[in-house]
Amino acid sequence: MEIEQTMHSMLGLGMEWAVLSCRFIPATHTFLITIRETALLWRKERCPKDGGQVFCYDHVGPVRWKHLNVFNQACELICDLPRAKCRACGRVYRVTPPWEGLSKHFTRDFEAFALTLMREMPVNRVSDIVGVADGRLWRMLLAHVHRAYAKLNMASVSIVGADEMNRRKGHNYLTLFCDLSAKRLLFATPGRDALTWDKFAQSLRDHGGDPSSVSQVSVDMSPAYREGVNAYFPHAQTVFDKFHLIGHASSAVDAVRRLETNLDRRRKALLKDSRWLWLKNPHNLSPLQQRRLARIDRHSLWTAKAYQMRLALQAIYLLPLPRAKRRLLSWCRWVNRAAILAPAHLLRPMLRVANMISSHLPGILAHWSAKVTNAFLEGLNSLFSATKRKARGYRSINYFIAMLYFTSAKLSFPFLPHPPFHCKS
Ligand SMILES: [Zn+2]
């Protein structure tokens, strides 16, 4: 078998195309495969507009497509690409060859390989490996995600979680909407105001879903989200997310620590470098940290008290409902009493958490009937944490959203070998 025939069958070309030559160019380390259409193409090709018969109008090019490496040397396909003219409507168009990817200068096989790498590593590393500028890789990804996202079916969506994510520390907020039952990202959009819910409702309708079928939304207690849910998902029950509430309590403990540090020298010395002790759960502390905590505990600091409050709040989530509700209310009373005793409004941050609980009680208690949490969203947030985002250098918000959909929306990419690890269920 001649090498041209071998390449023809390896490329999976039909009888409409022939490999004219294969040569290696040492100067550029490139393996070139030259292809040309055969007469058979003109019998099969039809006008994409009306299915009319076409004839060869002219040729453009030579056009080049980057293909998979051959013996680790760059490989390109070259073809004087035919343009066809329709006998019925007179339209002249560029014939799309079977090897072409969504980008006009990559083959499908090359795109599949580059996308597989892009799911596993930062795009600038993929750029080094495949020898293509990262901007071109991003545009290719955008085209694939755009096409796959258009086919996303949201008909079964009923339990939604929403959360914000900042693209750079403190800037460029996005709101992410997830299907908490199917554990997939549904929609990501810049902003964190009530209008993001309008956009999400529209996207849901565009993909066969129905905002009135959404029975539960799990969110944090931000007024903008509450407003958005009330306006665009009036049938949904709001569930205030457990992680957020405990997160508020943890931040409050940290705020108490800062206030107490400034109270006097003795407390300052005791609390020095203790920030991480109070943010963790006791079973996550190292033996050294546990001994330190026990030592500090003996000095009856208000920070330790606030820490106990946070742990008690967390423990309430392990109880069944009638008891959990009573314990939540008594927790609030406990915090109120302690706050009165504490000097210099030291426990005011904890008091704010107690007030938050009192004023959002139905949504907080809905957690027990909902049985969903924003754990999937929390996972996404840590997967795309600020440091990883920095390392991956998402230069535009569109690229970032495309990468979120690519890895986490369970889009269908039949040519990719396996789903990303965090989307396996
Ligand atoms: Zn036509």
If you go through region 366-386, how many residues are under 10 Å from M165 (Cα atoms) and open to solvent by less than 40 Å² (accessible area, probe 1.4 Å)? 4
Could you look through region 59-92, keep only residues that are open to solvent by less than 50 Å² (accessible area, probe 1.4 Å) and either assigned to a helix (DSSP H, G or I) or over 24 Å from F110 (Cβ atoms) (or both), and pick out the one that is farthest from the ligand (Cβ to nearest atom)? A84
I'd like to know if region 224-238 contains one or more residues that are within 20 Å of L152 (Cβ to Cβ), not assigned by TED's automatic domain parsing to the domain that holds V353 and not basic (K, R). yes
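Can you tell me which residue among D109, D80, D134, D128 is within 21 Å of L411 (Cα to Cα) and of a type in the set (D, E)? Walk me through it before giving the result.
On the way: D80 fails: within 21 Å of L411 (Cα to Cα); D134 fails: within 21 Å of L411 (Cα to Cα); D128 fails: within 21 Å of L411 (Cα to Cα).
Answer to the check: D109.
Yes or no: region 14-34 includes at least one residue that is within 16 Å of the ligand (Cβ to nearest atom), in a strand (DSSP E or B) and open to solvent by 20 Å² or more (accessible area, probe 1.4 Å).
Applying the first criterion (within 16 Å of the ligand (Cβ to nearest atom)) to region 14-34 yields none.
No, region 14-34 has no match at all.
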Kindly provide the set of residues from region 46-58 that are within 14 Å of the ligand (Cβ to nearest atom), hydrophobic (A, V, I, L, M, F, W, C) and either in contact (Cβ under 8 Å) with a residue 40 or more places away in the chain or surrounded by 13 or more Cβ atoms within 10 Å (Cβ to Cβ) (or both), ordered by number. C47, V54
When you scan region 144-260 for strands (runs of 3 or more DSSP E) that lie fully inside it, which ones turn up with 1 or more residues that are open to solvent by 40 Å² or more (accessible area, probe 1.4 Å)? 159-168, 171-179, 184-190, 237-240
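Working only within region 118-136, note down all residues that are farther than 21 Å from I397 by Cα and open to solvent by 20 Å² or more (accessible area, probe 1.4 Å). So that I can check it myself, show each step before the final result.
Here is the first cut: in region 118-136, the residues farther than 21 Å from I397 by Cα are 128-132.
Listed by number, the residues that qualify are D128, I129, G131.
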Here the qualifying pairs (Cβ atoms under 6 Å; residues six or more apart or on different chains; first in region 1-17 and at pLDDT 90 or above; second assigned to a loop (DSSP other than H, G, I, E, B)) come out as E16/T38
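Taking the criterion of being assigned to a loop (DSSP other than H, G, I, E, B) and polar (S, T, N, Q), would at least one residue in region 289-297 satisfy it?
The answer is no, given that none of the residues of region 289-297 is assigned to a loop (DSSP other than H, G, I, E, B) and polar (S, T, N, Q).
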Going through region 335-351 one residue at a time, which ones are surrounded by 17 or more Cβ atoms within 10 Å (Cβ to Cβ) and assigned to a helix (DSSP H, G or I)? V335, A338, A339, P349, M350, L351
Quickly run through region 106-118 and pick out the residues that are touching an Asp or Glu at 6+ places or on another chain (Cβ under 9 Å) and either within 16 Å of the ligand (Cβ to nearest atom) or not charged (D, E, K, R) (or both). F106, T107
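Could you tell me whether S9 is open to solvent by less than 40 Å² (accessible area, probe 1.4 Å), farther than 30 Å from G90 by Cβ and small (G, A, S)?
Working: open to solvent by less than 40 Å² (accessible area, probe 1.4 Å): no; farther than 30 Å from G90 by Cβ: yes; small (G, A, S): yes.
Criteria not met by S9.
The values are calculated or read from the model by the stated rules, or taken from the named source; none is laboratory data. Because the structure is predicted, anything quoted here is derived from the model rather than measured. Because the Cβ atoms are built from the backbone with ideal geometry, glycine has one as well, and the counts that use them run over all protein chains shown. Accessible surface is based on the protein model in full, side chains and every heavy atom, while ligands, DNA and RNA are left aside. Shrake-Rupley method; radii C 1.70, N 1.55, O 1.52, S 1.80 Å.
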